[in-house]
Every structure is written in C-alpha cells, then in structure tokens.
Amino acid sequence: MRNAVLLPNGFVLTTDNSAGIGEKVDDVVSTPDEIVSYFATRVALLEQWAANATPQSIVVHNFSGDQSWTKYVAGIEKLFNEIGLKCPEITGSSETNIETLQSAIAVTMLGEQVGENCKEIRWYAYGKPSVGEEVITDEDYIANLKKIRDAKNTGLVHRVWPVGSTGIKGECERLGLAGNLVGWDMEKSAGPATTVLLGIDIFKEKEAKLHFGDYFEAISL
C-alpha cells in the first residue's frame, strides 16, 4: 500500500493538500481554485485505488475563505463526473476568522477496501511526469483517470500506484522494481500523480497498450 492509512473494519484514509496555489494575490502559482481541488482529489482518489478501496466520503479543509468553498466543491465534482463515478458526500470546514494571504486546501477521503487482487501482473508507467504549470499546459501527457477506471472495471488493471514528488524511480524502488524507461525522466516529480504505475494482467498486455495509447511503457525488471 502507498500513502494510505488502514483503519479498523476495512476502511482506508487518504489525503492530499495544496498551499500557495490558487486565486489569491500572494499565491506562488496562480490558477483557478476549481483546478486546485480537482488535482488534490485526483491524488487522494488514486491513493484509494492503490489500497484497493472505494471512496465513501470526502472532507475538505479549506483555509482560503468562504469564497473558495463552492469552487473547491465544483472541482471535486468535476473529477468524479469525468470518470463516471458518483461523487461521495462532501463535508468539511472553512477558515473564516482570519483572512489568509495565500490559498491552502486539503482533501481527505474515507474509503472501504474491496479486496486484494492476486493476478500475475507486469508493471507499466502511464503518463509523463509533469509539475507546476506543465500540469495545465501539457494536459495530454498526463495519466487519464477515466481510462484507468475503465481498465480496472474490465480486468486490464489489477494494481494502481500513483507517482508523486519522488518520481518514477522512487516509487519503483518502493515496489521493488528496477529498470529504465527510454526517454523518460525517472527522477522528475510527477506533481499531482500525473504519472501512475499500473499492474497489468500479463495475459492482456496487448489489449492494455491499445487502451492506454501514448505515454504507456513497460517497466523492465
């Protein structure tokens, strides 16, 4: 399991946060609040999938003020709409006593495990590592969650492992994998999980390559 906390009775807790990115004047990166929550939710959801869990509820910790709440919720709902999943109930709180100079948000998911997969798999990297402005400008390069969700449903994908700031190399080491991907920067941060490592059923690799298309490469052992 990756960055997920196992709770009693098969529940899983995952979270992601962001600071200094948003619509405030002093933010380091200027971008709509809806996009900020969209990508924070993306990471938390992938962490749920890595734990073989399905999210049941979402908690938003909003430090950007009341004016950002509706936008944050819209970004979360947009992600679930895109991948064809019903959005879990959203709750949370907003900092209203003190006006912060920079935006800050955390998205936490509570999910329920649906069992482990025991299929024989081969690992692939899907989506090129992107960070900062690249996440917006190079959208076609990043892993598509709708494709991952569809592949999970059809049995092409049996393991999901999001890549973050440690890059592909760091996550491969956590999984006990070695090797190199030609033309890929193995140490570059993948930001909000723009790259995802996927465990593919070894009997369905050709089908998986057709399904995912570009930026989908096998990791050599």
Please enumerate the residues belonging to the stretch 111-122 that are surrounded by fewer than 20 Cβ atoms within 10 Å (Cβ to Cβ) and either within 16 Å of the chain's Cα centre (by Cα) or at pLDDT below 90 (or both).
-> Val114, Gly115, Glu116, Asn117, Cys118, Lys119, Glu120
Report yes if Ser130 is surrounded by 20 or more Cβ atoms within 10 Å (Cβ to Cβ), in contact with an Asp or Glu (Cβ under 6 Å, 6 or more places away or on another chain) and closer than 28 Å to Glu23 by Cα, otherwise no.
-> yes
Do we have Ala44 as at pLDDT below 95, surrounded by 15 or more Cβ atoms within 10 Å (Cβ to Cβ), of a type in the set (A, V, I, L, M, F, W, C) and closer than 22 Å to Thr195 by Cβ here?
-> no
Just one listed residue, out of Ile219, Ile148, Ile142, Ile202, is more than 26 Å from Ser37 (Cα to Cα), out of contact with any helix residue (DSSP H, G or I) (no Cβ under 6 Å at 6 or more places or on another chain) and surrounded by 16 or more Cβ atoms within 10 Å (Cβ to Cβ), and it is Ile219
Within the stretch 133-167, can you find the residues that are touching a Ser or Thr at 6+ places or on another chain (Cβ under 9 Å) and in a loop (DSSP other than H, G, I, E, B)?
-> Glu133, Asp138, Ile142, Ala143, Gly164, Ser165, Thr166
Do we have Ala125 as buried (at least 16 other Cβ atoms within 10 Å of the Cβ) and part of a strand (DSSP E or B) here?
-> yes
Could you give every pair whose Cβ atoms fall below 6 Å, whose first residue belongs to the stretch 89-104 and is under 11 Å from Val60 (Cα atoms), and whose second residue is among the charged types (D, E, K, R) and surrounded by fewer than 16 Cβ atoms within 10 Å (Cβ to Cβ), counting only separations of at least 6 or pairs across chains?
-> Ser94/Asp66
Considering only the stretch 7-34, state which residues are surrounded by 17 or more Cβ atoms within 10 Å (Cβ to Cβ), touching a residue at least 60 places away in the same chain (Cβ under 8 Å) and part of a helix (DSSP H, G or I).
-> Asp33
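Conditions (1) on the phi > 0 side of the Ramachandran plot; (2) at pLDDT below 95; (3) not assigned by TED's automatic domain parsing to the domain that holds Phe11, marked per residue:
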position	(1), (2), (3)
Val131	no, yes, yes
Ile136	no, yes, yes
Glu139	no, yes, yes
Pro162	no, no, yes
Ile168	no, yes, yes
Gly183	yes, yes, yes
Pro192	no, yes, yes
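The values are calculated or read from the model by the stated rules, or taken from the named source; none is laboratory data. Note that the structure is predicted; figures quoted are calculated from it, not measured. Every residue, glycine as well, gets a Cβ built from its backbone with ideal geometry; the counts of neighbours run over all protein chains shown.
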